[in-house]
Amino acid sequence: MAGLENLSERDRAVLRSIFDPTATIGDVIDDGDTFPKDDEEPSTESYQESIRLSAEGVHLAEAGKLKEALEALNKGIEVAPDRAAGYNDRAQVLRLLQKDDDAMSDIDRALQLTEGKQTRARALALCQRGVLLRKRGADADARAAFTEAAKLGSGFAKKQVVELNPYAALCNQMLSQVMRGEDIQL
């Protein structure tokens, strides 16, 4: 098609959503994360050690060494117990270990430490809370967590808010049925 090279990314996303009726605009536009500057991490020796231990824990988790990852993350929290990002990282590993209640406790702690702040750590904790609440079937509470995280700049949370919108889901379902030539089932 002539002239497509001059389309904006948003225009291209709209076209993709037309040709994929199951997609929403939020699915095809990558707004990315626009977190505020994360100014909560001082450059103290204990914070730097906690950051190093957290990075080690994340690498171990990515390698499938969850027990070792948890040990590194525990040490990182011991070194800097008021560092919210450490609790976020450990919560992720706990979720992978199917310890959702323990993960939620860490998420709660991260949210306590970031209360009233607009930080990346808070947005990530809210996203994890939303995922766990959604897993538990508490969609209204999950939507509230994702909405707050979206306001803090999480692109993932923005997409989840759209997915959890019952009207958007119904519209996507109806459009999909129309595009397949089916009768609309309400």
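A count restricted to the range 42-70 and to residues that are assigned to a helix (DSSP H, G or I) and either hydrophobic (A, V, I, L, M, F, W, C) or farther than 18 Å from Ile107 by Cα (or both) stands at 20. Restricted to helices (runs of 4 or more DSSP H) entirely inside the range 101-167, those with at least 1 residues that are closer than 13 Å to Ala84 by Cβ and touching a Gly at 6+ places or on another chain (Cβ under 8 Å) are 120-135.
Test Arg129 against the criterion of being within 16 Å of Arg90 (Cα to Cα) and buried (at least 18 other Cβ atoms within 10 Å of the Cβ), and give yes or no. Yes: the conditions hold for Arg129.
In this structure, does Ala150 turn out to be crowded, with 16+ Cβ neighbours inside 10 Å, without any contact (Cβ under 8 Å) to a residue 12 or more places away in the chain, touching a Lys or Arg at 6+ places or on another chain (Cβ under 7 Å) and closer than 26 Å to Pro42 by Cα? Considered against the rule, which asks whether it is crowded, with 16+ Cβ neighbours inside 10 Å, without any contact (Cβ under 8 Å) to a residue 12 or more places away in the chain, touching a Lys or Arg at 6+ places or on another chain (Cβ under 7 Å) and closer than 26 Å to Pro42 by Cα, Ala150 comes out as yes.
From the list Glu45, Glu78, Glu49, exactly one residue is of a type in the set (D, E, K, R), within 27 Å of Gln118 (Cα to Cα), loosely packed, with under 13 Cβ neighbours inside 10 Å and at pLDDT 80 or above. Which is it? Please lay out each step first, then the result.
Numbers: Glu78 fails: loosely packed, with under 13 Cβ neighbours inside 10 Å; Glu49 fails: loosely packed, with under 13 Cβ neighbours inside 10 Å.
Step by step, each of Glu45, Glu78, Glu49 is checked, and only Glu45 is of a type in the set (D, E, K, R), within 27 Å of Gln118 (Cα to Cα), loosely packed, with under 13 Cβ neighbours inside 10 Å and at pLDDT 80 or above.
Restricting Ala121, Ala84, Ala63 to those that are in contact with a helix residue (DSSP H, G or I) (Cβ under 9 Å, 6 or more places away or on another chain), under 21 Å from Ala144 (Cα atoms) and without any contact (Cβ under 8 Å) to a residue 60 or more places away in the chain reduces the list to Ala84. Checked against the criterion of being modelled with pLDDT under 95 and of a type outside the set (Ser, Thr, Tyr), the candidates Arg109, Arg95 yield just one match: Arg95.
When you scan the range 84-99, do you find a residue that is surrounded by fewer than 18 Cβ atoms within 10 Å (Cβ to Cβ) and either more than 20 Å from the chain's Cα centre (by Cα) or more than 17 Å from Gln128 (Cα to Cα) (or both), even just one?
If we filter the range 84-99 for residues that are surrounded by fewer than 18 Cβ atoms within 10 Å (Cβ to Cβ), which is where we start, we get 96-99.
Now drop any that are not either more than 20 Å from the chain's Cα centre (by Cα) or more than 17 Å from Gln128 (Cα to Cα) (or both), which leaves none.
No: zero hits.
Only a single criterion out of (1) surrounded by fewer than 21 Cβ atoms within 10 Å (Cβ to Cβ); (2) aliphatic (A, V, I, L, M); (3) modelled with pLDDT of 95 or more; (4) within 23 Å of Leu132 (Cα to Cα) is not satisfied by Ala103, namely (1).
The values are calculated or read from the model by the stated rules, or taken from the named source; none is laboratory data. All figures in this text were calculated on a predicted structure; none of them were measured in a lab. Heads up, the Cβs are rebuilt from the backbone with ideal geometry, glycines too, and the neighbour counts pull from every protein chain shown.
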